[in-house]
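So the structure is just underneath, and the comments pick up after that.
The values are calculated or read from the model by the stated rules, or taken from the named source; none is laboratory data. It should be emphasised that the depicted structure is a prediction, and the values quoted were computed from it without experimental measurement. Cβ atoms come from the backbone with ideal geometry, glycine included; neighbour counts cover every protein chain shown.
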Amino acid sequence: MIYDKETKLDVLAKLNNESFVNIEIQVQNTYEYEKRCLYYWAKLYEQQLTSGKKYKTLKPAICIHILNFNFFKDKEYFMTKIKPLDTETRKVFSHDFQLYFLEVPKIPDQYYNELDKWMHFFKGASKETVMAMQTPEIEKAFSTLEYISQDPIARAKYEARRKYELDYNTDMDGAKEEGFTKGFQNGKNEGEKLGLAKGKLEIAKNLLANHFSVEMISKITDLSISEIEKLKNS
């Protein structure tokens, strides 16, 4: 399942106990990922407190990071759970802050529990392996992924997204080498818009070259018919 160049899947959920959970799949170790994790948690917690609400209404914010790289170099076990605690008594200060890191490269060859099974699924378990797990939820997830993979529109949109992320990473590497990382980060939002628009045009060109209809290309790229016709005649 984990095959993209950079990121990712983001899922925001609310549990029965009203805790908020953000799940992120991250394919490669990006710049200042540790800071980014803390920022994501802070936003998840802070956004609960809308105008007029009291602090006591805040619910636990849980961030789960599924990583396709080794983040904790000095640790062999694939799961790491982080909470704030008193460094002397080791007593947890608050259960509202929870970070979980699941490192795919460290999972055992065999699965022994439900978490192990899910990790094998995220790593890209075959259909035979998934069926042998005898876990309906994972079978459903596998079937859904299989369906999306066979849908030409969904697949083409994925390729457009993938190309944009590859271009973005290349630009980011160049910016770092030239010492412009800070400025690049500040302009990232605008750059993403421009990069995505450019990526759509490139995808449209490729689809035209492969004899896709104008209507189909419009559905895939979200470009207008007139934009594609103009590209076709250029």
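Here are some notes:
- Against the list (1) at pLDDT below 90; (2) in a helix (DSSP H, G or I); (3) charged (D, E, K, R), the condition Asp109 fails is (2).
- Criterion: of a type outside the set (A, V, I, L, M), part of a helix (DSSP H, G or I), modelled with pLDDT of 70 or more and more than 30 Å from Tyr31 (Cα to Cα) - qualifying residue of Lys219, Lys200: Lys219
- Candidates in the range 112-137 are the residues that are of a type in the set (Gly, Ala, Ser) and over 17 Å from the mean Cα position of the chain (by Cα); of these, the one that is modelled with the highest pLDDT is Ala132.
- Residue within the range 94-104 that is more than 18 Å from the chain's Cα centre (by Cα), loosely packed, with under 15 Cβ neighbours inside 10 Å and either free of Cβ contacts under 8 Å to residues at least 12 places away in the same chain or not assigned by TED's automatic domain parsing to the domain that holds Leu15 (or both) present: yes
- For the range 23-32, the set of residues classified as of a type outside the set (D, E, K, R) and either over 22 Å from Trp118 (Cβ atoms) or in a strand (DSSP E or B) (or both) consists of Ile23, Ile25, Gln26, Thr30, Tyr31, listed by residue number.
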